[in-house]
Amino acid sequence: MIIQLEHNISDVQRATLAAKLDTIQYKTMEVSTQFGEYIVGVGKKEFDIRTIGTMAGIRDIHRVSDAYKLVSKKWKVDDTIIDLGDGLKIGGGNFEIMAGPCSIESEEQIENTINHLVKNGIRIMRGGVYKPRSSPYSFRGLGIDGLKLWYKKARAAGIKIITEVMMSEQIDDMLEYVDIFQVGARNSQNFNLLDALGKIDKPVMLKRGISGTIDELLQSAEYIFSNGNERILLCERGIRTYEKAYRNCMDINAIAILKEKTHLPVIADPSHGIGVRRFVESIALASIMAGADGVIFEAHQCPEKAFSDGQQTLNFDEADALFEKMKRTFKFKQNL
Ligand code: PEP
Ligand code: MN
């Protein structure tokens, strides 16, 4: 159950509500976000929700029986739109592309990528400065100095930054320079990190775990929302299966299912989703047809020389073609 409170609910009205909730023996949690105040109730007892819905100080009440609640479409039918400022919005019919290298590598690479994005009218650049790598001997990112350098160049060009945060201790230092915090697949159930990202007012793109279920992804998103941050995007990036012909199995099904279950925007990551450069385009387009609100993919001036994930990274010519095809596909889908 979700109870939406009026902004001006009085202390007396709160106390009356608490007493009422006591009588039905619901376990409750108060949630206060940048946009609203809610009480999330968990319990089994049958009761007439109108007896609460009609109380003074209550805006609305909804029955949500899923394990995840605030991210569910059962109480919020309208799509959440993530407003990044400067006229840039994701969700609710606003389709956005994010592109850039797997890792931020050098000043020259940042400049090349920004120029490429600007030329194509793409306004969000991806890139990791803290890289989760399977081997400790692989390149692990330029860290906060790389982010600061990137920020300086990106801001001057009107480009927004999405980058991965790996632990809560990094958030404060990164906050000023990041437009969307990415939570990587390996941290999809790092609940302390999710708690911490719930306490900031910056959008968070949460990736699905390598073997995470759709339900687990939604419950992870619930951690962020219930800590106070409603600005969440979900990302399908492929899951591990027994198949060896590709790196991950892009779960296109999950995109369609998430769009039904949640009001949050869903982003597709075909680069990690299939992990093979020549198939990234078709998987990106298929994701759009399945309902994705945006696509994030890896592009590099010279993928063969990329510090990480070169095998799934498009060169700029391939990226140019994909930008065009994605825009056309999104329009086509809207007019179906
Ligand atoms: C990435 O975006 O480069 C990345 C490491 O993604 P994931 O967490 O999905 O593996
Ligand atoms: Mn990568």
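So the values come out like this:
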{"read-out": "When residues of the stretch 234-264 are limited to those that are touching a residue at least 60 places away in the same chain (Cβ under 8 Å) and among the charged types (D, E, K, R), the one surrounded by the most Cβ atoms within 10 Å (Cβ to Cβ)", "value": "LYS261"}
{"read-out": "Exclusive hit being surrounded by 17 or more Cβ atoms within 10 Å (Cβ to Cβ) and within 19 Å of SER287 (Cβ to Cβ), set ARG208, ARG231", "value": "ARG208"}
{"read-out": "Cβ-Cβ under 7 Å pairs, at least 6 apart or on other chains, the stretch 284-302 side within 15 Å of ligand 2 (Cβ to nearest atom), far side of a type in the set (Lys, Arg) and at pLDDT 95 or above", "value": "ILE296/ARG126"}
{"read-out": "Any hit, the stretch 223-230, residues being in a helix (DSSP H, G or I), touching a residue at least 60 places away in the same chain (Cβ under 8 Å) and not aromatic (Phe, Trp, Tyr)", "value": "yes"}
{"read-out": "Residues (hydroxyl-bearing (Ser, Thr, Tyr) and at pLDDT below 95) located in the stretch 111-134", "value": "SER134"}
{"read-out": "Hits in the stretch 125-147 (condition: away from ligand 1 (no atom under 13 Å from the Cβ) and either part of a strand (DSSP E or B) or charged (D, E, K, R) (or both))", "value": "ASP145"}
{"read-out": "Filter result (in contact with a strand residue (DSSP E or B) (Cβ under 9 Å, 6 or more places away or on another chain), closer than 29 Å to PRO136 by Cβ and assigned to a helix (DSSP H, G or I)) within the stretch 311-322", "value": "GLN312"}
{"read-out": "Members of the stretch 107-124 found to be of a type in the set (S, T, N, Q) and either touching a Ser or Thr at 6+ places or on another chain (Cβ under 6 Å) or away from ligand 1 (no atom under 16 Å from the Cβ) (or both), listed by number", "value": "ASN112, ASN115, ASN120"}
{"read-out": "Residue match in the stretch 299-311 (condition: crowded, with 20+ Cβ neighbours inside 10 Å and within 19 Å of the chain's Cα centre (by Cα))", "value": "no"}
{"read-out": "The lone exception for ILE104 - which of (1) in contact with a Leu (Cβ under 6 Å, 6 or more places away or on another chain); (2) away from ligand 1 (no atom under 16 Å from the Cβ) it fails", "value": "(2)"}
{"read-out": "Residues within the stretch 85-110 that are among the hydroxyl-bearing types (Ser, Thr, Tyr) and either at pLDDT below 95 or surrounded by fewer than 16 Cβ atoms within 10 Å (Cβ to Cβ) (or both), tallied", "value": "1"}
{"read-out": "Test: residue in the stretch 172-187 that is in a loop (DSSP other than H, G, I, E, B), in contact with an Asp or Glu (Cβ under 8 Å, 6 or more places away or on another chain) and in the same structural domain as GLY273 (by TED's automatic domain parsing)", "value": "yes"}
{"read-out": "Qualifying position, being surrounded by 16 or more Cβ atoms within 10 Å (Cβ to Cβ) and either in contact (Cβ under 8 Å) with a residue 40 or more places away in the chain or not assigned by TED's automatic domain parsing to the domain that holds THR213 (or both), among LYS27, LYS69", "value": "LYS69"}
{"read-out": "Condition met for ILE267 (modelled with pLDDT of 95 or more, under 19 Å from the mean Cα position of the chain (by Cα) and within 14 Å of ligand 1 (Cβ to nearest atom))", "value": "yes"}
{"read-out": "Complete set of residues in the stretch 68-99 that are assigned to a loop (DSSP other than H, G, I, E, B) and of a type in the set (D, E, K, R)", "value": "LYS69, LYS73, LYS74, LYS76, ASP78, ASP79, ASP86"}
{"read-out": "Which listed residue, of ALA284, ALA319, ALA306, is in contact with a Ser or Thr (Cβ under 6 Å, 6 or more places away or on another chain), on the phi < 0 side of the Ramachandran plot and within 16 Å of ligand 1 (Cβ to nearest atom)", "value": "ALA306"}
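Residue by residue, here is whether (1) of a type in the set (A, V, I, L, M, F, W, C); (2) without any contact (Cβ under 8 Å) to a residue 40 or more places away in the chain; (3) within 16 Å of ligand 1 (Cβ to nearest atom) holds:
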| site | (1), (2), (3) |
| --- | --- |
| VAL183 | yes, yes, yes |
| GLN189 | no, yes, yes |
| LEU193 | yes, yes, yes |
| PRO203 | no, no, yes |
| ARG208 | no, no, yes |
| ILE214 | yes, no, yes |
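The values are calculated or read from the model by the stated rules, or taken from the named source; none is laboratory data. Computed from a predicted structure; not experimentally measured. When we count neighbours, we look across all protein chains shown, and the Cβ atoms used for this are built from the backbone with ideal geometry, even at glycine.
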